[in-house]
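Read through the structure below, which is laid out as structure tokens, and then see the notes.
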Amino acid sequence: MVNAEGVHKRFGRLEVLKGITLQVMPGEVMCLLGPSGSGKSTFLRCINHLEKINSGRLSVDGELVGYRQMGAKLHELREAEVARKRSEIGMVFQNFNLFPHMTAEQNVTCAPMRVKKLPRDDAAARSRELLDRVGLAGKVDTYPSQLSGGQQQRVAIARALAMDPKLMLFDEPTSALDPELVGEVLGVMQQLARDGMTMVVVTHEMGFAREVADSVVFMDAGVVVESGRPADVLNNPREERTRAFLSKVL
Amino acid sequence: MPSDEVTHAEGRPEDIRAVPVRRPGRWVAAAVVLVIAVAIVRSVVTNPHFEWSVVGHYMFDERVLEGLRVTIELTVIAMAIGIVLGLLLAVMRLSPNPLVSGGSWLYIWFFRGTPVLVQLLFWYNIAALYPKIGLGIPFGPAFVHPNANTLITPFTAAILGLGLNEGAYMAEITRAGIISVPEGQADAARSLGMTRLQTMRRIVLPQAMRVIIPPTGNETISMLKTTSLVSVIAVADLLYAVQNIYSTNFKTIPLLIVASIWYIVCTSVLYVGQYYLERYYGRGSSTERQGPLVERVLRGVLSFRRGGEHSRPGAGEHR
Ligand SMILES: Nc1ncnc2c1ncn2[C@@H]1O[C@H](COP(=O)(O)OP(=O)(O)OP(=O)(O)O)[C@@H](O)[C@H]1O
Ligand SMILES: [Mg+2]
């Protein structure tokens, strides 16, 4: 589903990604771990082209991200094409980024109506179904400011799901939550994984990585240090850097 | 608001009832203000030079009302131009293309840097600069070229001068509003597949409105009064109308009062309009549950009487 080969990303002179190579299979749940500043968020943002990569190859579902290959040359995609590709990839942010001027339902229906041109009634019906699925059937008409953090993040997940994405990216979805609210969000994500969604999850929740993830990738300073099955990487890390990191977060 | 928290529920520990600190200074200050106010009102009412009967006579004079209509029309059109132009310039200013943002910067620099009165006079005298204004291919042949003097009437000169100048100010206000919206909002919108334009229109601007509207209200009120400048280029606005009348009957002061009353009536109407707009765009924010204007004013007055910290009755409230 996601195929990265030697992905490099620079911000000015700062090289943040120094050749990331990894694969995510359809239906796979991959957890990305790593210390702060290691480039996890940047890599996720590259996957849906919120950031442009400087070199390497990055493709989603067999198609290059942001470019089209014609012969030996790469052509940049037009904005509308990039937008259409993005609409197939859901993204959930650390601080929710719900639209504060819209109710929960409007947050969920907005993109399907504007991007997919879905009729209002269909979008509303689908939104109720999704809000129900994340356990927020009663909060349809509530504004984000009146929801708890956990509820906001679940609305954000429903909002991303409303576009029927084939891939979901989660950037530390529970890091901004009070400890007692973490469970409700992880529960929704676990259910999503069971339903067969392909997911890339940046998280510090080792329990989630261990139980839900199919693979774990440990990143540090812009490179993949170690990857493999959760049990292997988390219990018997081969690399010293992984061991040092795990001893701090566990 | 602190004063709302004073509840007397049964079964709760009794609220503290302390003798408030005496504030003799406040009473003295209030007395001084009161005396001054009474003196002013008395002199205004009794001074025969105000000629209140003349004021009443001209209040609804046809020429005055016609001038008022022109003033309102100028305000509405110039603000409309200013807002649209401001939005365009703000978006241009934030463009990654340096030529586009530079053009916007230059415009703002020029129109903010020169007095609006000078700009009005320029437009009024544009015929001296460009006797013929052509419509056609740039640097190529023109298809129509009407006379500048017939195209730029005093009224169009006024509209151009006020509107183009306002655009520069509205651009800065709008830009401040746009950059006040957290970047994560645009990230979220774009990750859902919205284009830059959709993101701006559906997500960023509606939120920017909360920041844009209060200063825009100020601008509108200010514009209403700035329109009085157009009397120098012979546009028959409210001020021009009363000047015309008092130049023949010499009732200068009463007629200026007539104009002032109309200006203050209009600005008061704008205040109320602004309040409701702010409430609309404040939806979803935590300070939204406020009663209607009257209720809030009353609440403000009450909390002052109780001697509490008369905190401002709500966010986004103007003086
Ligand atoms: N837009 C940007 N411009 C310049 N530098 C940036 C930008 N975004 C990120 N960086 C830098 O890139 C590096 C990696 O950032 P990134 O957010 O990807 O780290 P992270 O692994 O997600 O860390 P965290 O766990 O703290 O979220 C950091 O040093 C950061 O300062
Ligand atoms: Mg991050």
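The values are calculated or read from the model by the stated rules, or taken from the named source; none is laboratory data. Only a predicted model underlies this, so the values are computations on that prediction, with no experimental measurement involved. FYI the Cβ positions are ideal-geometry reconstructions off the backbone, even for glycines, and counts take in every protein chain you see. Only protein heavy atoms, including side chains, enter the accessible area calculation; ligands, DNA and RNA are left aside. Shrake-Rupley method; radii C 1.70, N 1.55, O 1.52, S 1.80 Å.
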Karplus-derived 3J(HN,Hα) from phi for the stretch B:222-237 (6.51 cos²θ - 1.76 cosθ + 1.60, θ = phi - 60°), whole Hz, x at Gly and Pro, runs 5, 5, 3, 7, 5, 4, 4, 5, 5, 4, 6, 10, 6, 8, 7, 8
By a straight-distance test (C-alpha under 25 Å), which lysines pair with A:LYS73 as possible cross-link partners, with residues fewer than eight away in the same chain excluded? A:LYS9, A:LYS18, A:LYS52, A:LYS85
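In Å², nearest 100, what accessible area do chains B and A bury in total when the solvent probe is 1.4 Å? Each step should come with its number before you reach the end.
Details: alone 20530 and 12070 Å², together 30460 Å².
Counting protein atoms only, the buried area is about 2100 Å².
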Here, GluC sites (Glu not before Pro) of the stretch B:14-99 satisfying both criteria (DSSP loop; at most 10 other Cβ within 10 Å) are B:GLU14
Just to make sure I understand: if all protein chains stay in place, what is the order of B:ARG279, B:ARG93 by accessible area at 1.4 Å, largest first? B:ARG279, B:ARG93
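Are there any helices in chain A, counted as whole DSSP H runs, that stretch 20 Å or more along their axis by Cα and score at least -1.0 on average by Kyte-Doolittle, and if so which? All intermediate terms of the calculation are to be shown ahead of the outcome.
Working: long enough: A:179-194 (23 Å, 0.42).
Helix filter hits for chain A: A:179-194.
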For A:LEU118, distant residues with modelled amide H under 5 Å away: A:MET113
When the accessible area of each residue in the stretch A:93-142 is compared between its chain alone and the complete protein assembly (1.4 Å probe; ligands, DNA and RNA ignored), which residues differ by at least 40 Å², being lower in the assembly? A:ASN97, A:PHE99, A:PRO100, A:HIS101, A:ARG114, A:VAL115
The summed charge of the A:LEU186 Cβ neighbourhood (under 10 Å; Lys/Arg +1, Asp/Glu -1) stands at -3
Could you sort B:HIS49, A:HIS8 by their accessible area in this structure, using a 1.4 Å probe and putting the largest first? B:HIS49, A:HIS8
Given a 1.4 Å probe and the protein chains all in place, what does the accessible area of A:LYS52 round to, in Å² to the nearest 10? 100 Å²
Suppose accessible area is computed on protein heavy atoms with a 1.4 Å probe; arrange A:ASP141, A:ASP214, B:ASP15 from highest to lowest. A:ASP141, A:ASP214, B:ASP15
Write down the accessible area per residue of the protein assembly as shown in Å², having rolled a 1.4 Å probe over the full set of protein chains. 54 Å²
Not counting ligands, DNA or RNA, and with a 1.4 Å probe, what is A:TYR67's accessible surface area in Å² rounded to the nearest 10? 50 Å²
So what J values fall out for the stretch A:142-148 if you push phi through Karplus, 6.51 cos²θ - 1.76 cosθ + 1.60 with θ = phi - 60°, rounded to Hz, Gly and Pro as x? 8, 7, x, 5, 9, 10, 6
Over the Cα atoms of the stretch A:1-135, what Rg and Dmax result, in angstrom? 17.2, 49
Could you give me the ³J(HN,Hα) list for the stretch B:173-187, computed from phi with Karplus coefficients 6.51, -1.76, 1.60 and θ = phi - 60°, whole Hz, x at Gly and Pro? 5, 5, 4, 4, x, 5, 7, 7, 7, x, 4, x, 5, 5, 4
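Taking the stretch A:158-239, which GluC sites (Glu not before Pro) meet the DSSP loop condition and have no more than 16 other C-beta atoms within 10 Å? Please list the in-between numbers first.
Numbers: sites: A:GLU180, A:GLU184, A:GLU205, A:GLU211, A:GLU226, A:GLU239; in loops: A:GLU205, A:GLU239.
Within the stretch A:158-239, the qualifying GluC sites (Glu not before Pro) (loop, at most 16 other Cβ atoms within 10 Å) are A:GLU239.
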Using the Cα centre of the protein assembly as shown as origin and beta-carbon charges of +1 (Lys, Arg) and -1 (Asp, Glu), tell me which of B:PRO131, A:GLY6, B:TYR263 is placed farthest towards the positive end of the dipole. B:PRO131
